[in-house]
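*Asks:* Got a structure for you, written out below as structure tokens; questions coming shortly.
The values are calculated or read from the model by the stated rules, or taken from the named source; none is laboratory data. Quick caveat, the model's predicted, so the values are computed rather than measured. Quick reminder, even Gly has a Cβ in these numbers, built from the backbone with ideal geometry, and neighbours come from all protein chains shown. Accessible surface areas use protein heavy atoms only, side chains included; no ligands, DNA or RNA. Shrake-Rupley method; radii C 1.70, N 1.55, O 1.52, S 1.80 Å.
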Amino acid sequence: MHSKFKEEYKRKYMSLEDAAKLIQFGDKIVSNQCVCEPVGLLNAIGKRAMAKEFDDVEYLGFGPTLSEDWLKPEVYPHLRVSTMFMITPKVREAVNKGYADFYPVHLGSYPKSLTNYVIKDLPPGKTKVVSSVAPMDKNGYFCTATAPLYFHEPARMENTMVILEVNENQPWVYGDNFIHISQVDYIVENTQPLFSIPAVTEGTAEDIAIADILLEMIEDGSTIQLGIGRMPNLLGKLLASKHDLGAHTEMLGDAYKYLWELGVLNGKKKTLSPEKICACFAMGSVETYQWMNENPAVEMRRQAWTNNPSIIGQNHKMVAINQALEVDLTGQVASESIGPRMYSGTGGQMDFTLGSQLSPGGKAFICLQSTAVTKNGRVSKIVPLLKHGSVITTPRQEVNYIVTEYGAAQLKGKNLKERAQELISISHPDFRAELREEAKKLDL
């Protein structure tokens, strides 16, 4: 390592506690997330918030995940979370009980929303941009490894302060995810295990049936995006029977590692970034993070690129696979809330639904089991009208395929009556008569 960079590292290094003291009244903290969440730094800041050492500080990001001890109602006036997605039950509870805020935005638009609307006009240093990174290399570069996400756009703004948390467990991953020490204001160190989620080993009978339907509709040579959830990851395992698949996705999970090791996911037919697995964040097992380390096949890019529909559409035979909570008889999709109660977030469902339909031979699938079990018994998830207060994640105008364990309904080019008939045909048989009656009342 060049001695100049070593000296600069020493000058910018400080303890977690001292870095936390940089946070002052009215600051905004733009935090990288998932595996690149700076857990030690956020916990140190959280301790100051719990001690009421500052007020009106806002956390902006995609979480938090592991640094949640300070996420409490009494801390909210001092340090409040504004999240664009609810990964953990604790964040979901905080949003629904009002001691965290939700930021509605498509994943691909989030970087521009931050830089153009939220932090653009703040005084210098009032925005702290923070991330966990892999250790610095010999040329003075740090790697945001598993999550370039939205970190780099605000980090390059002149009015922001950049604080990096170096974690020796972070892998070194290629792509658009490097920041030079000259662009960094302060450095802390904190070595701890990375955020991981359990591997998907099996699914319900309904999940398997949906996956089997999708399997028949995905052609060899397709480029795939698998959304968050059990069924998409289960499908990833079943895709082992396909040939020459590519990957362009937001989340990189265990299924991609599995398919790459089999030789199925080789990107040979991929028309954009051939032979590269392109993603903007990873969330899976520790083994997947180790597989990503120095693997030339993996390319981590910022979400403004991975989730741009015009970029997505450059992949021929682009296949987007996402999940929904409820769909009405006209094709409106609710994927982020149950009535007014928030469950997850807008995410990138619309980004990939639009992008895949710009792709030659592309297809966009939105999947859901036909029923759900509630405290009032089993209910249909294909409904005449969405629950009052439900958030429409994908409008009916943009929906391509809706898939349940009973089949796939293709809605493009269909009028409202035809859509209702298609959707009733893939609903659970126990609810079809009732849905037909409700459709008549709605003149569908």
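*Asks:* Has segment 406-429 got any residue that is polar (S, T, N, Q) and in contact with an Asp or Glu (Cβ under 8 Å, 6 or more places away or on another chain)?
*Replies:* yes
*Asks:* Hey, Met161 hits all of (1) open to solvent by 10 Å² or more (accessible area, probe 1.4 Å); (2) outside any loop (DSSP other than H, G, I, E, B); (3) within 21 Å of Thr65 (Cα to Cα) but one; which does it fall short on?
*Replies:* The failed condition is (3).
*Asks:* Next question, about the same structure. Any chance segment 372-383 includes a residue that's in contact with a Phe, Trp or Tyr (Cβ under 7 Å, 6 or more places away or on another chain) and surrounded by 18 or more Cβ atoms within 10 Å (Cβ to Cβ)?
*Replies:* Yes, segment 372-383 contains a residue that is in contact with a Phe, Trp or Tyr (Cβ under 7 Å, 6 or more places away or on another chain) and surrounded by 18 or more Cβ atoms within 10 Å (Cβ to Cβ).
For every residue, the table says whether it meets (1) under 15 Å from Leu272 (Cβ atoms); (2) open to solvent by 10 Å² or more (accessible area, probe 1.4 Å); (3) in contact (Cβ under 8 Å) with a residue 60 or more places away in the chain; (4) not in a loop (DSSP other than H, G, I, E, B).
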site	(1), (2), (3), (4)
Asn295	no, yes, yes, no
Glu299	yes, yes, yes, yes
Ser310	yes, yes, no, yes
His316	yes, yes, yes, no
Ala320	yes, no, yes, yes
Thr330	no, yes, yes, no
Thr346	no, yes, yes, no
Phe352	yes, no, yes, yes
Ser356	yes, no, yes, yes
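*Asks:* Restricting attention to segment 113-154, which residues are open to solvent by 10 Å² or more (accessible area, probe 1.4 Å), of a type outside the set (Gly, Ala, Ser) and part of a helix (DSSP H, G or I)?
*Replies:* Thr115, Asn116, Tyr117, Val118, Glu153
*Asks:* Here's another thing I want to ask about it. Which residue pairs have Cβ atoms closer than 9 Å, lie 6 or more positions apart in sequence or on different chains, and pair a first residue in segment 117-133 that is without any contact (Cβ under 8 Å) to a residue 40 or more places away in the chain and more than 30 Å from Thr191 (Cβ to Cβ) with a second residue that is assigned to a loop (DSSP other than H, G, I, E, B) and open to solvent by 10 Å² or more (accessible area, probe 1.4 Å)?
*Replies:* Partner pairs satisfying both residue conditions: Lys120/Met157; Lys120/Asn159; Asp121/Asn159; Pro123/Asn159; Pro124/Glu158; Pro124/Asn159.
*Asks:* Take Val264 and decide whether it is within 15 Å of Ala145 (Cα to Cα), surrounded by fewer than 24 Cβ atoms within 10 Å (Cβ to Cβ) and aliphatic (A, V, I, L, M).
*Replies:* No; evaluated as a whole, the condition is false for this residue.
*Asks:* With the requirement that a residue be assigned to a loop (DSSP other than H, G, I, E, B), among the hydroxyl-bearing types (Ser, Thr, Tyr) and open to solvent by 20 Å² or more (accessible area, probe 1.4 Å), what does segment 399-444 give you?
*Replies:* Tyr406
*Asks:* Taking segment 360-398 as the region of interest, how many residues are touching a helix residue (DSSP H, G or I) at 6+ places or on another chain (Cβ under 7 Å), closer than 29 Å to Thr223 by Cβ and not in a strand (DSSP E or B)?
*Replies:* Matching residues across segment 360-398 total 4.
*Asks:* Just name the residue that is most open to solvent (accessible area, probe 1.4 Å) out of those in segment 271-293 that are in a loop (DSSP other than H, G, I, E, B) and over 23 Å from Leu358 (Cβ atoms).
*Replies:* Asn293
*Asks:* Return the pair list, or none, for Cβ contacts closer than 6 Å from residues in segment 413-428 that are over 13 Å from Val399 (Cα atoms) and touching a residue at least 60 places away in the same chain (Cβ under 8 Å) to residues that are open to solvent by less than 20 Å² (accessible area, probe 1.4 Å) and not small (Gly, Ala, Ser), at least 6 apart or on different chains.
*Replies:* Here the result reads Ala420/Leu329; Ile424/Leu435, each pair linking segment 413-428 to a residue that is open to solvent by less than 20 Å² (accessible area, probe 1.4 Å) and not small (Gly, Ala, Ser).
*Asks:* Look at Arg396 and say whether it is touching a residue at least 24 places away in the same chain (Cβ under 8 Å), open to solvent by 60 Å² or more (accessible area, probe 1.4 Å) and basic (Lys, Arg).
*Replies:* It is true that Arg396 is touching a residue at least 24 places away in the same chain (Cβ under 8 Å), open to solvent by 60 Å² or more (accessible area, probe 1.4 Å) and basic (Lys, Arg).
*Asks:* In segment 358-371, what residues are of a type in the set (A, V, I, L, M, F, W, C) and surrounded by 20 or more Cβ atoms within 10 Å (Cβ to Cβ)?
*Replies:* Across segment 358-371, the qualifying residues are Ala364, Phe365, Ile366, Cys367, Leu368.
*Asks:* Something else: Name the residue that is surrounded by the fewest Cβ atoms within 10 Å (Cβ to Cβ), counting only residues in segment 33-65 that are modelled with pLDDT under 95 and polar (S, T, N, Q).
*Replies:* Thr65
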